[in-house]
1. Using only the Cα atoms of the stretch 52-92, construct the convex hull and provide its projected area averaged over every direction, in square nanometres to one decimal.
2. Just the number, please: carbon plus sulfur as a percent of the accessible area of the chain, 1.4 Å probe, no ligands or DNA/RNA counted.
3. Shape call for the stretch 196-293 from the C-alpha gyration tensor, a ≥ b ≥ c root eigenvalues: rounded (a/c under 1.5), prolate (a/b greater than b/c) or oblate?
4. With every protein chain present, what is the per residue accessible area of the chain (1.4 Å probe, Å²)?
5. Per DSSP H run of at least 4 residues, take -39500 (n - 2.57); add these up for the chain, divide by its residues and hand me the 222 nm value, nearest 500 deg cm²/dmol.
6. What is the Cα radius of gyration of the stretch 152-238 over 2.2 N^0.38 Å, N being its residue count?
7. Can you give the relative contact order of the stretch 103-234 as a percent, counting alpha carbon pairs under 8 Å and 6+ residues apart?
8. Regarding the chain, what whole-number volume in Å³ per residue does the convex hull of its Cα atoms give?
Amino acid sequence: MSNTQPAPVASEHIELKARKVSFDWEKTPLHWVPGDPFTSHTINVLHLLLPAGERWFVHVYKQVLPYITDDRLRADVIGFVGQEAVHSQAHDDVLPHLRKLGLDPTPYTAQVDWFFEKLLGDRTLPPGAPRRWWLMERVALIAAIEHYTAFLGNWILNADELDRRGADPTMLDLLRWHGAEEVEHRSVAFELFMHLDGGYRRRARTWAAAFGALVFLWQRGVRFFMENDPVLLDGRASVGQFVRRGRQGVLPATPDLLRAVPRYLNRAYHPSQEGDTAQAVAYLTRSPGANGGR
């Protein structure tokens, strides 16, 4: 096992901080991409999936803090935890609006809560090696998940077709604020994993587990939305729809997604190779939701 870290592409380092955000959902429709329920719901899954996942991130990282011996990394982890806590709350705040529009997400969110709180939650293990093993498994899983969220964050910052289609500006702002912070802190989870463990076999194993879990949960979420949409008479979801929307630019293009997935397995990989910090920070300075609703 080696914990030698690949060198970042750039030596940039910025202080991570949680931002106060505010979003007014009163005028946001259920199909916030006009005339496109499938795209709207594919992205709406984030509001159901992310709150539980990000609460789990925070829970695991609070257990990890005593093991961190690098002061700068500790500060980054604390900043990361603050941002993730705000992300969780911001997406949670969308759920009452979904209920108001006639779609109760509780059956799906209950499954997601079970996944993170029970399946990936704390276990009764003897102290020492077994307990540390389970903690390191979860640290590695978070690093793998953050690889995918950085990809999605970079994508939404550049998804201009959504603007051209007249997508709801408040929803776009929430997604781009969140995506920008994912790009901003994209290196923290990986650097923490490399600092504490860095084993390549664990990295590969948890990469596969994270990808499988995200695909499983996401497709269940899209089907849940489409089948329970109060407007659609015969709501269906399919891989073909996802591929077509990717070609149109309103969802990630399937070839780009497939190319991004294995990049994490390259031994020279570092998250700074994904996205553009300057672009992310620039968006955060002009985001209405992150700047008092301006």
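The values are calculated or read from the model by the stated rules, or taken from the named source; none is laboratory data. Since this is a predicted model, take the numbers as computed values, not measurements. Note: ideal-geometry Cβ built from the backbone for every residue, glycine included; neighbour counts use all protein chains shown. Note: accessible area is taken over every heavy atom of the protein model, side chains too, but ligands, DNA and RNA are not part of it. Shrake-Rupley method; radii C 1.70, N 1.55, O 1.52, S 1.80 Å.
1. Details: hull surface 10.2 nm².
Approximately 2.5 nm², given one-decimal rounding.
2. Numbers: 7720 of 13800 Å².
Exposed carbon and sulfur together represent 56 percent of the surface.
3. Working: a/c = 2.02, a/b = 1.23, b/c = 1.64.
Oblate shape, in that a/c is at least 1.5 and b/c is the bigger or equal ratio.
4. Working: 13800 Å² over 294 residues.
Here the per-residue accessible area is 47 Å².
5. Working: 12 runs with 180 residues, N = 294.
-20000 deg cm²/dmol, from helical runs alone.
6. Numbers: Rg = 17.4 Å, N = 87, 2.2 N^0.38 = 12.0 Å.
Here the answer is 1.45, to two decimals.
7. Working: 68 pairs, mean separation 50.0, N = 132.
This gives 38 percent for the stretch 103-234.
8. Working: hull volume 36.5 nm³, N = 294.
Taking the convex hull of the Cα positions in the chain, it is 124 Å³ per residue.
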